[in-house]
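The values are calculated or read from the model by the stated rules, or taken from the named source; none is laboratory data. On a predicted model such as this, the values are computed, not experimentally measured, just so you know. FYI the Cβ positions are ideal-geometry reconstructions off the backbone, even for glycines, and counts take in every protein chain you see.
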Amino acid sequence: MPGTTRNLSLMLLPQSWDGHQLIANLLLLPNGDPTKPVPLVSGQELPFANAQPVLRAALLPGIAVPPWDPSITPAMLTYVPLTLPYSGAQSAIFAGLSSEYTPTVPLLSQPTSVIRKDLPHSYREATGFQTPDPAFFTAVDGFGCALGSATPNKTPVPPRKIAWGEILSHALRQPLIAQAMGLMYLQVSIPLTPAQVIGGGWIWLEIDSSSQSNWYAKLITEQPGAVFTYAARLPALASAQDVFAAILFPTLSANYSAQAMQTAQNEADLYLDGFAKIVHASQPTSSDAVTGDATTIVPGTDAGIQIGWDDEQVTKWVNRQIGIAQALASPTPPVTPVAELPFTVLGYRVDVRQAASDPWSSLCAASGTLNAAGVFTASFTAQDLCVEPTPIQNGGANQDYWLPRYFAQWRGRTLVVNDQYGYLFSGGQPPASSGPTDSDFTGTTNESLAGVSLRYGQSYQFRTRLTDLTGGGPKSGDPNPSDAGTTTPAGSAHPGSMRRRPATMRRSSWQSGRSLLRGGRTRSGSSAFRRPARGSTARRACRCRRLGRSISARYRPVR
């Protein structure tokens with residue numbers, strides 16, 4: 001039967017408002033096999049691989065009525081037709097990938113598990129949180145304990161074919177390829193009047209059904225549930241500004257949990273500027289930088305600076321997505337409908353500078369070339385990639401998944417390309433390249449260094465930018481948002497509440513002759529730490545300063 005499953009998801013991700021136009025990135029995610037036509041009651045629709053979609057933006061002015069309210073009528077909406085640049089390589093790329101891999105479409109499934117995380121001392125000291133939610137977090141060494149108690153699973157993993165969803169997920173990591181495949185349309189202008197957005201609003205993407213000859217227009221007439229679209233929450237746009245949508249909202253009417261929807265709206269408002277709120281850092285003082293076990297020997301080589309941000313919020317976002325997937329995969333619908341609230345943050349970009357008067361430099365920039373299916377080639381220079389905190393599972397059955405204690409580790413070079421010098425210094429070699437065929441996603445990636453070198457005796461500041469599913473978000477050249485009135489989550493002791501925190505001052509301690517470098521967060525949701533020079537009489541001091549949404553570190557050797 002046609003339309004018994006979802007065929008397409010549409011997302012509109014705002015980037016900026018210039019006073020007359022909303023600039024947005026559009027994301028189209030096909031479900032199922034994108035090379036197969038979609039059956040209708042009479043006839044069929046073109047497959048996604050061959051489609052040239054005709055889309056429109058729908059604006060609901062004001063934020064009082066949410067897009068999932070059943071009282072919304074077409075008369076309340078403003079429709080804006082969109083002009084899209086179609087890719088000439090779309091069908092050829094899909095055909096090449098289909099021939100090379102014969103991808104599958106597996107049944108939707110999601111293990112009944114959660115993602116857990118250790119909250120390192122630098123985060124707890126930065127926020128003042130001492131008793132985290134035990135459902136997701138530990139405050140000592142939960143990951144290390146789980147790792148030590150796990151029984152290795154020696155069962156070989158059987159080979160399997162790649163799924164279409166995995167291929168699309170890979171394509172999203174490189175917007176140039178995603179555009180060539182028709183998955184993304186970037187920097188699309190949506191003309192609106194200032195009066196339409198002065199009070200904020202909700203905006204989403206739709207199939208333009210004004211003509212039944214448009215792609216998918218007949219399908220959504222016959223089966224409205226075949227296309228899902230998600231709304232972005234707009235702030236009051238009184239003047240030109242950047243906009244970031246960390247959370248999208250359903251446009252399907254249902255009796256969702258009021259608390260869940262309010263929490264998501266609070267998060268969307270909090271991250272409208274696209275910057276992390278709680279940035280913290282630490283210098284590993286032992287060879288066990290992964291679990292933070294201070295009882296092991298000092299590092300054989302300098303481990304650099306570990307950087308983390310918004311630990312609790314990131315973990316809760318990931319677990320929310322898992323909960324949504326579990327609800328969708330469940331054969332029994334939940335009593336209270338689970339709202340699909342897409343978390344649009346694909347990854348994070350870390351910037352560095354040495355002084356407040358210096359420009360920020362990205363630690364995530366890279367240059368390279370791309371090839372897709374032998375029919376599309378492109379190159380990019382100093383383009384920001386991103387860091388993606390990825391949960392891992394200890395060996396053995398029914399083990400927990402854990403996010404890393406810190407999300408990035410800077411050793412003086414880039415965060416997004418293999419450090420060839422690290423392999424050389426350790427006596428090893430980088431992983432050998434596999435010799436892929438023409439139908440693979442292939443290319444080269446070279447680091448684009450920040451122009452800021454990691455040296456002993458120098459001070460450094462860091463900040464973290466959020467990256468959405470289309471690669472959009474703040475740029476490294478953007479100034480820090482004002483810290484006036486910034487709020488941060490108050491922690492698990494006061495769920496859902498917000499509070500301001502003043503700037504603080506931290507000091508490192510010396511135990512058994514070793515320094516323990518600790519970071520502290522400023523009022524604006526960032527932290528500062530200093531790392532004095534070798535031999536300095538002040539090397540024991542670790543000072544926290546107010547720096548906007550950034551941290552400051554002074555780099556020193558570990559002994």
- Please specify each residue of region 413-447 satisfying the condition of being at pLDDT 75 or above and closer than 23 Å to Ile392 by Cα. Thr414, Leu415, Val416, Val417, Asn418, Asp419
- Task: Please tell me if Ile167 is among the β-branched types (Val, Ile, Thr), in contact (Cβ under 8 Å) with a residue 12 or more places away in the chain and closer than 22 Å to Ala372 by Cβ.
- Result: yes
- Item | Gly144 closer than 18 Å to Asp293 by Cβ, in contact with a Ser or Thr (Cβ under 8 Å, 6 or more places away or on another chain) and either of a type in the set (Ser, Thr, Tyr) or at pLDDT below 80 (or both) | yes
- Task: Return a yes/no flag: does region 274-284 have any residue that is closer than 23 Å to Leu10 by Cα and either surrounded by fewer than 23 Cβ atoms within 10 Å (Cβ to Cβ) or more than 24 Å from the chain's Cα centre (by Cα) (or both).
- Result: no
- Item | Qualifying residues in region 207-219 (those that are crowded, with 20+ Cβ neighbours inside 10 Å and within 30 Å of the chain's Cα centre (by Cα)) - the one farthest from Ala49 (Cα to Cα) | Ile207
- Tell me, please, whether a residue that is over 30 Å from Asn31 (Cβ atoms), within 26 Å of the chain's Cα centre (by Cα) and among the β-branched types (Val, Ile, Thr) can be found in region 99-108. no
- Query: Only one residue in Ala246, Ala240 is surrounded by fewer than 19 Cβ atoms within 10 Å (Cβ to Cβ) and within 27 Å of the chain's Cα centre (by Cα). Which one?
  - Reply: Ala240
- Taking region 338-359 on its own, how many of its residues are in contact with a Leu (Cβ under 9 Å, 6 or more places away or on another chain) and of a type outside the set (A, V, I, L, M)? 8
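Per-residue answers, yes or no, for (1) modelled with pLDDT of 80 or more; (2) in contact with a strand residue (DSSP E or B) (Cβ under 7 Å, 6 or more places away or on another chain); (3) within 30 Å of Ala135 (Cβ to Cβ):
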| site | (1), (2), (3) |
| --- | --- |
| Leu370 | yes, yes, no |
| Ser379 | yes, yes, no |
| Val387 | yes, yes, yes |
| Arg411 | yes, no, no |
| Leu449 | yes, no, no |
- Residues within region 84-130 that are acidic (Asp, Glu) and under 27 Å from Phe376 (Cβ atoms), tallied: 1
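One line per residue, one yes/no per condition, for (1) at negative phi; (2) surrounded by fewer than 19 Cβ atoms within 10 Å (Cβ to Cβ); (3) in contact with a strand residue (DSSP E or B) (Cβ under 9 Å, 6 or more places away or on another chain):
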residue	(1), (2), (3)
Gln110	yes, yes, no
Leu119	yes, no, yes
Tyr123	yes, no, yes
Pro134	yes, yes, no
Lys161	yes, yes, yes
Gln174	yes, no, yes
Ala178	yes, no, yes
- Task: Collect the residues in region 192-224 that are of a type in the set (S, T, N, Q) and either at pLDDT 95 or above or not in a helix (DSSP H, G or I) (or both), keeping them in residue-number order.
- Result: Thr193, Gln196, Ser209, Ser210, Ser211, Gln212, Ser213, Asn214, Gln223
- Looking only at region 68-88, decide whether some residue is under 25 Å from the mean Cα position of the chain (by Cα), at pLDDT 95 or above and surrounded by 12 or more Cβ atoms within 10 Å (Cβ to Cβ). yes
- Those residues that are among the aliphatic types (A, V, I, L, M), crowded, with 18+ Cβ neighbours inside 10 Å and either at pLDDT below 95 or outside any loop (DSSP other than H, G, I, E, B) (or both), I need them from region 467-489; list them, please. none
- Task: Hey, could you check region 249-265 for residues that are hydrophobic (A, V, I, L, M, F, W, C) and assigned to a loop (DSSP other than H, G, I, E, B) and say which is nearest to the chain's Cα centre (by Cα)?
- Result: Leu252
